[in-house]
Each structure stands twice: as structure tokens, then as C-alpha cells.
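Read the structure below first, then the notes.
What follows is calculated from the coordinates using simple rules that are stated; it is not laboratory data. The structure displayed is predicted, hence computed values, not measured ones. Neighbour counts run over all protein chains shown; Cβ positions are idealised from the backbone, glycine included.
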Amino acid sequence: MTRQAGLGKLEFAVVLAIFGVLAHILLDRLVALERETERLEVDLTVRHINTGIKLAVGDAIMRGEETRIAAMINANPLTFLGHEQERKVGPGATAQPDATNMGAVPALAGWSYDAGRHTLYYRPRQPEAFSGRENLRWRFTSHTDELGRIAGLRLEPLK
């Protein structure tokens with residue numbers, strides 16, 4: 001009786017099954033990491049926008065130009081990310097500097113701003129990362145001091 005060199009059919013099927021299970025586990029983990037990465041990306045972008053807003057408001061206060069703060073509420077909050085140069089926004093369109101001279105609007109995939117409602121939108125690439133929500137929203141608002149003057153701006157999340 002001659003012994004077969006190599007794997008038999010049953011052994012080969014077992015090896016394929018093991019590889020299949022390992023591939024499934026790996027792909028599930030990669031999808032979970034991708035979702036977590038998108039959540040982190042959105043969180044960091046909103047934090048950077050809020051930091052840019054605080055820096056712009058602080059700069060206006062330091063220069064004694066508090067009246068400029070009120071005009072900033074009409075700006076696109078994406079301008080506070082600090083991008084100075086013009087960038088393309090969509091096919092063929094170019095972002096124009098806003099009225100507050102904060103620079104050009106950066107082109108960020110999935111992000112948009114409705115100036116009439118002062119609402120910033122993000123359309124997730126993976127809605128499952130955000131409990132199935134198709135749009136994330138933040139309201140761009142101002143807050144006042146005890147004298148009724150605009151003292152600052154911020155993004156507030158909307159449900």
C-alpha cells in the first residue's frame with residue numbers, strides 16, 4: 001500500500017474551513033475599525049472647528065474688534081479649520097472666501113453647511129457607525145454675556 005503525499009480531501013476541507021473562519025473574523029474586525037475610525041474622524045473635525053472658532057473669537061477680542069464676532073455667526077464653520085487657500089468644492093466649483101475674511105471653505109467629503117439654518121451637516125460613509133443615522137447635524141450658535149453682547153460662538157449637536 002502506498003501512502004499519499006500531501007493532503008487528503010478531508011484535511012483540505014478542514015484547512016479551508018479554518019481559513020474561512022479566520023478571514024471572516026478578520027473582515028469583521030476591519031469593518032469595526034473602519035467604523036470607529038470614521039466616528040473618531042468626525043469627533044476630531046468638530047473639535048478642530050470649535051478650537052478654530054475659539055481662536056477666531058479670542059483674536060477678535062484681543063484686537064478690540066468684538067463687533068467682528070457678531071459677523072462671524074454668518075460664516076461657514078468649516079472656514080475655522082484654518083485652510084487659507086482656495087479649494088475645489090464639488091465638480092467645477094471653487095470655494096469663495098466668506099464675509100469675515102476667514103479664508104476659503106475647505107473641501108471635506110461628506111460635510112456641508114446650510115447658512116440659512118446655521119446648520120452643519122455630515123453624511124457618514126458608514127451610517128452603521130452612527131446608529132444608522134444618515135445625517136449628523138450641528139447648529140452654529142452664539143452665546144451672550146450678561147450685558148447681551150455676543151461673547152462667543154459654538155457648534156451644538158442636534159439629534
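Here is how the numbers come out for the structure above:
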read-out: Some residue of the range 74-84 being of a type in the set (Gly, Ala, Ser), in contact with a Gly (Cβ under 7 Å, 6 or more places away or on another chain), farther than 13 Å from Leu153 by Cα and without any contact (Cβ under 8 Å) to a residue 60 or more places away in the chain; value: yes
read-out: Qualifying residue in the range 41-62 (condition: among the hydrophobic types (A, V, I, L, M, F, W, C), farther than 23 Å from Pro157 by Cβ, touching a residue at least 12 places away in the same chain (Cβ under 8 Å) and surrounded by 10 or more Cβ atoms within 10 Å (Cβ to Cβ)); value: yes
read-out: Residues (outside any loop (DSSP other than H, G, I, E, B) and either touching a residue at least 24 places away in the same chain (Cβ under 8 Å) or over 21 Å from Leu44 (Cβ atoms) (or both)) located in the range 117-140; value: Thr119, Leu120, Tyr122, Glu128, Ala129, Phe130, Leu136, Trp138, Phe140
read-out: Selection status of Glu65, farther than 18 Å from Thr141 by Cα and not in a helix (DSSP H, G or I); value: yes
read-out: Residue that is farthest from the chain's Cα centre (by Cα), among those in the range 141-159 that are of a type in the set (Asp, Glu) and outside any strand (DSSP E or B); value: Glu146
read-out: Subset of the range 5-35 [more than 26 Å from the chain's Cα centre (by Cα) and of a type in the set (Gly, Ala, Ser)]; value: Ala5, Gly6, Gly8, Ala13, Ala17, Gly20, Ala23
